[in-house]
1. Of all residues being of a type in the set (K, R) and part of a loop (DSSP other than H, G, I, E, B) in region 134-155, which is farthest from S59 (Cα to Cα)? Just the residue, please.
2. I need every pair where a residue in region 102-123 that is crowded, with 24+ Cβ neighbours inside 10 Å has its Cβ under 9 Å from the Cβ of a residue that is basic (K, R), sequence separation at least 6 or different chains.
3. What number of residues within region 114-128 are within 18 Å of the chain's Cα centre (by Cα), under 20 Å from E93 (Cα atoms) and in a helix (DSSP H, G or I)?
4. Looking at region 53-76 only, could you name the residues that are buried (at least 20 other Cβ atoms within 10 Å of the Cβ) and either in contact with a helix residue (DSSP H, G or I) (Cβ under 7 Å, 6 or more places away or on another chain) or of a type outside the set (A, V, I, L, M, F, W, C) (or both)?
5. Considering only residues that are in contact (Cβ under 8 Å) with a residue 60 or more places away in the chain and among the charged types (D, E, K, R), which ones fall in region 86-101?
6. From the list L63, L97, L111, which one is out of contact with any Ser or Thr (no Cβ under 8 Å at 6 or more places or on another chain) and either modelled with pLDDT of 95 or more or of a type outside the set (G, A, S) (or both)?
7. Condition test on G131, is it part of a helix (DSSP H, G or I), assigned by TED's automatic domain parsing to the domain that holds E93 and at negative phi?
Amino acid sequence: MRKVNLRINGKDYAAEIEPRLLLVTFIRDIAGLTGTHIGCDTSNCGACTVTMDGKSVKSCTVLAAQAEGKEITTIEGLANGEELHPIQKAFWEHHGLQCGYCTPGMIMQALWYLKLNPSPTEQEVRESLSGNLCRCTGYQNIVDSILAAAEYMRKGNQTR
């Protein structure tokens, strides 16, 4: 067993864990933040995507101990109280979800990507999502949502 201290969404979590515990399991089972989903356990689907020090990571590929000293942000960390982050708002307004299982990972991937490229083309958005799978939507509304979010964020409607 090993004691770790993780900072998730600006809050500190301390726990004694097995060294092999995955970050996604820590987030869900110890921190109690269930918005991050476990999809494939092989890093193929992207449902577990979070940001670590501002970079997109699949939390099923990171050990919780490796995240010590890093700033982790999950889907729960985006809204500012009742005010949705522009990406969340865009997904809501442009119907970027159906069952919702992939949605947190899609949003977290988009958050990272839009910081790198605030004015993407449709093709660039599609390429940025290549590591995230959706089994319901056909992606068009997800892409439309991310393009709308980029516009909202360029106009200064960014909460974080």
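The values are calculated or read from the model by the stated rules, or taken from the named source; none is laboratory data. The shown structure was predicted, so the numbers you read here are calculated from the model rather than taken from an experiment. Every residue, glycine among them, receives a Cβ derived from its backbone with ideal geometry; neighbour counts consider all protein chains shown.
1. Applying the filter and picking the extreme gives K155.
2. Pairs found: C102/R135; G105/K58; L111/R160.
3. Of the residues in that region, 3 qualify.
4. Across region 53-76, the qualifying residues are S56, K58, S59, C60, V62, A64, A67, T73, T74, I75.
5. Result: K89, single match.
6. After applying the criteria, what remains is L63.
7. Answer is no for this residue.
A quick yes/no check of all residues on (1) farther than 12 Å from A67 by Cβ; (2) touching a His at 6+ places or on another chain (Cβ under 7 Å); (3) surrounded by 15 or more Cβ atoms within 10 Å (Cβ to Cβ); (4) acidic (D, E):
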position: I17; (1), (2), (3), (4): no, no, yes, no
position: R20; (1), (2), (3), (4): yes, no, no, no
position: L23; (1), (2), (3), (4): no, no, yes, no
position: G32; (1), (2), (3), (4): yes, no, no, no
position: G39; (1), (2), (3), (4): yes, no, yes, no
